[in-house]
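Worksheet: the structure to be examined is printed underneath.
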Amino acid sequence: MATDTALNPLTAARELVDDAQAVIDAALKHGAAVTEGGRLIDDHQVHTERLAYLATQVRAAHEQTAYAERLSASGLDHWAEHQRLLQGREAWDGMKGWINEVNPRFAVDVSLRYFNGMSTSDEQVEQSRSVQAEAIERISGLLSEYDIICLPTATSAAPRLDRSLDDRQGVGYRLGHLLCIGGMTGCPQITLPLATIDGLPLGLSLMGARGSDEMLIGFAREIIDQL
């Protein structure tokens with residue numbers, strides 16, 4: 001099993017799923033021997049049921065990981081990195097005249113984003129546009145098979161207002177791995193705060209193909225009406 005903490009989340013998930021599948025395969029092989037090919041399975045019913053349950057869970061994890069891999073062949077962290085570059089540069093281009101004229105005071109994290117946008121070169125923007133085109137093609141392909149993609153809105157419940165700047169930056173970085181999908185592709189996305197954790201809202205997102213805004217809103221209303 002991999003122990004490299006620098007692995008991106010999707011790579012780590014794939015290795016964990018593969019390791020779990022190897023354990024299940026070994027357990028099934030051992031179980032076949034112990035039960036003499038299934039002839040004595042009634043003598044090991046409890047263990048058989050537990051193994052069947054675990055095998056089902058590993059299969060579900062494999063399908064979820066494969067789905068995430070289909071979203072971005074190069075990894076969502078790769079998309080998020082280029083989304084941050086494009087977003088920062090666009091924000092700077094849109095606000096630099098006002099900032100240069102007024103010289104306003106910003107919070108540290110806001111100032112940092114504008115500084116990064118100002119420092120982003122045209123060559124970096126061109127490279128990020130290429131990655132964006134890849135993202136649009138991949139998500140458009142998925143949405144040609146399915147009307148809607150359902151995914152978590154964020155990696156956790158809404159962060160508390162009293163969290164430190166370092167904590168908020170960490171949350172923002174992790175959020176980018178999910179929020180970059182809509183930002184990079186221009187696909188409409190609506191979030192439904194359907195649950196809470198410790199009193200904090202937890203959202204479920206629905207994403208549709210570009211131009212499907214009305215359909216997506218209508219479907220979200222149907223879900224809310226059923227609750």
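For the chain, the mean residue ellipticity at 222 nm estimated from helices alone is -23000 deg cm²/dmol, where every DSSP H run of n ≥ 4 contributes -39500 (n - 2.57) and the total is divided by all residues, rounded to the nearest 500. Our summary gives the chain a relative contact order of 18 percent, counting only alpha carbon pairs under 8 angstrom and 6 or more residues apart.
For the chain, report the % of Cα-Cα distances exceeding 24 Å.
61 percent
Remark: relative contact order (the stretch 47-164) = 32 percent; criterion is Cα-Cα distance under 8 angstrom and separation of 6 or more residues.
Every read-out reported here was derived from the displayed coordinates using simple, explicitly stated rules and does not represent laboratory data. From a predicted model like this one, the values you see are computed outputs, not experimental measurements.
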